[in-house]
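Accompanying notes for the structure given below.
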Amino acid sequence: MSAAPATPRPVTLVPADGVGPEVTEATVRILEAAAVPIRWERVETGRDALARSGTPLPAEAIASIRRNRLALKARITAPIGAAFENPNVTLRKVLDLYANVRPVRSFPGHPSRHPDLDLVIVRENTEGEYAGLEHQVVPGVVESIKVTSARACTRIARFAFALAAREQRRKVTAVHKANIMKRADGLFLECCRAVAAEYPAIEYQELIVDNTCMQLVMNPYQFDVLMTQNFYGDLISDLCAGLVGGLGVVPGVNVGDEIAVYEAIHGDAPELAGKNRANPMTLLVSALFMLRQIGLAAYAERITAATTAVLERKTHTTQDLGGTATTSGMADAIITALR
Ligand code: IPM
Ligand code: MG
């Protein structure tokens, strides 16, 4: 194993709501058992914070992430119909985490339709349909505004092409619906084309979002980097997770110029909360992704191997994975396999 840094790295931990505290606990215990040199700085958000301080996103939580520039985060509950914006989205905007990156690969030991698939979704994370601008025009008529700016489109295109170049990927696909949203998605494509021209060695393709969905199901191997606006990226993420075995496989990170918030790609799953039944891999995979990105890949490999061993035996996995274990029971099994 690579030499551990002298001082552990501080990382903000956001257990949040729903199944968050359970999967966070499991993930932290697994990382601690592997002696990963991280010092967690736990912050309160969500329901508890709302009750205590009147906001699901207290300033201390945001300040901690700003200070550490690195966070591992579960989901903050956003009641449908709440007067405030979904706090998970607010956090992305407040910290200007403009790119959402989701690498799509199978997990060794976990059944996948496409064991060899290796693609990455780069999703614009701050505007589009998530602008949060909705109003009632007259009773019975509501407008929801999709905001598309050249600045955000160019920024996400630059990010996607830089990632493609760095990871030696061959192709970038801009996913759009410019046949309908001629101006908004038209602007997105215009910005993407301008950036693509700076990268002649990388193939550039434009594909309409509905067709992209079908193509992904029929032959996902034709893709490499999928570059999308906010909402299309949300949909494509879950579709792609399904291709490689579900939400427990695909990690995610929200990135800005200086801050990275690693996050599970699912919602807060209130129906599972407090039951010790959630699959701990949903957050663990994002923690492993983080370790690989911050120079602690050796730890990630070791935890991956232990998790694979548990997945292959199956009995000590959660129900969704075909086993009978609880969340904490599966974490225990991974910890045992680490030894
Ligand atoms: C995701 C989730 C979020 C989103 C929700 C929880 C706000 O679905 O990260 O994909 O819509 O972006
Ligand atoms: Mg989603």
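Since every read-out is calculated from the coordinates, none of them should be taken as a lab result. What you are looking at is a predicted structure, and each value in this text was computed from that prediction instead of being measured. Glycine gets a Cβ as well: all are built from the backbone with ideal geometry, and neighbour counts include every protein chain shown.
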* Asked: Within the chain, which cysteines find no other Cys whose Cβ is under 4.7 angstrom from their own?
  -> Cys192, Cys213, Cys240
* Modelled FRET efficiency - R0 45 Å, Phe231 with Thr308, Cβ distances, 0.05 increments -> 0.85
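From the P(r) of the stretch 39-98, could you give the percentage of C-alpha pairs in the tail past 20 Å? Provide the component values of the computation, followed by the final result.
On the way: 357 of 1770 pairs.
Of all Cα-Cα pairs in the stretch 39-98, 20 percent lie more than 20 Å apart.
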* **Environment charge of Ala333, counting only residues whose C-beta is closer than 13 Å and scoring Lys/Arg +1, Asp/Glu -1** => +2
* Stokes-Einstein diffusion coefficient of the chain, Kirkwood radius over Cα pairs, 4 °C, 1.567 mPa s, in µm²/s -> 63 µm²/s
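Could you grab the Rg to Rh ratio for the stretch 114-250? Cα atoms only, Kirkwood for Rh.
That ratio equals 1.00.
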* Structure fact -> The alpha-carbon center of the stretch 31-84 and that of the stretch 158-187 are separated, in whole Å, by 31 Å
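Taking R0 as 25 Å, what's the FRET efficiency between Leu133 and Ile80 from their Cβ-Cβ distance, rounded to 0.05?
Calculated transfer efficiency: 0.90.
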* Structure fact -> The Kirkwood hydrodynamic radius of the stretch 85-191, taken as the inverse of the mean 1/r over all distinct Cα pairs, in Å, comes to 16.1 Å
* What is the distance, in nm, between label points placed 7 Å from the Cα along the Cα-to-Cβ direction at Arg193 and at Glu143? -> 2.9 nm
* Linear extension gain, Arg52 paired with Lys275, 0.36 nm per residue minus alpha-carbon span -> 77.9 nm
* **Pairwise Cα inverse-distance average, inverted: Kirkwood Rh of the stretch 1-148 (Å)** => 18.1 Å
* Taking the convex hull of the Cα atoms, report for the stretch 229-325 its projected area averaged over all directions, in nm². => 7.4 nm²
* Structure fact -> For Lys146, the lysines lying under 20 Å Cα to Cα, once residues fewer than eight places off in the same chain are dropped, come out as Lys93, Lys177, Lys182
